[in-house]
Amino acid sequence: MRVSKKTDYALRALFTLVDHFGSGPIPIRELARRNDVPKKFLEHIMLSLKERGWVRSLPGLRGGYELAKAPDTISMGEVIRHFDGLTAPIECVSATGYKRCSQEPLCRFRRVFLDARNYTAGLMDRATLGDVSKGAPVTKPEVFARGFSEGEGI
């Protein structure tokens, strides 16, 4: 599964707002700087998040953005689907980007991709911003763990 830059940047900004939940707004310039996101691009993203009711903006010198909902009420699945639609590993198991394959009636490995889609969607839907923010960042050794690198796995 891959997410777009827009989704990546939206999640970065949202997790910054989660870290400051209840402490007042963060200016857009500061959100952009902390998350290494182009300010103009982030402005469009924040407007979209505001339309969904996940963030609110406060005007003025001490204004900016803050979460409009508790972090435990927003899931990563909701955010990903808002920006990218349902992400499936192949088109023939996508609910939003479905494209029929000539091998569909005979394909046996399609079920594995469907299961992967369903597992990933369920995992993302259960992962609230509040829960995820309590976790530790992923380390490089975790990414390159034996069995998942150099052709041994993923």
Exercise. Before anything else, pin down the relative contact order of the stretch 64-121: Cα pairs under 8 Å, at least 6 apart, normalised by residue count, whole percent.
Key: 28
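Relative to the present Cα-Cα distance, how much length would full extension add between Glu142 and Leu106 at 0.36 nm per residue of separation?
Working: separation 36, 0.36 × 36 = 12.96 nm, distance 3.73 nm.
Net length gain for the segment: 9.2 nm.
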Quiz item: Percent relative contact order of the chain, based on C-alpha pairs within less than 8 angstrom and at least six residues apart?
Solution: 24
Quiz item: Candidates (1) 14.4, 46; (2) 16.5, 52; (3) 18.3, 63; which is the computed Rg and Dmax of the Cα atoms in Å?
Solution: (3)
Quiz item: Among residues other than Ala10 whose Cβ falls under 13 Å from its Cβ, what is the net charge (Lys/Arg +1, Asp/Glu -1)?
Solution: +1
Quiz prompt | Under DSSP loop assignment and at most 13 Cβ neighbours within 10 Å, longest GluC sites (Glu not before Pro)-free interval of the chain | solution = 1-149
Practice problem: Give, as ranges by residue number, the residues of the stretch 10-53 whose backbone N falls under 15 Å from the point 7 Å along Cα→Cβ of Lys69. | Solution: 11, 14-15, 18, 48-53
Self-check item: Loop-located chymotrypsin sites (Phe, Trp or Tyr not before Pro) in the stretch 25-109 whose Cβ has at most 13 other Cβ within 10 Å (DSSP)
Solution: Tyr98, Phe109
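All of the numbers you see were taken from the coordinates with simple rules; none came from a lab. It should be emphasised that the depicted structure is a prediction, and the values quoted were computed from it without experimental measurement. Please note: Cβ atoms are built from the backbone with ideal geometry, for glycine as well, and neighbour counts cover all protein chains shown.
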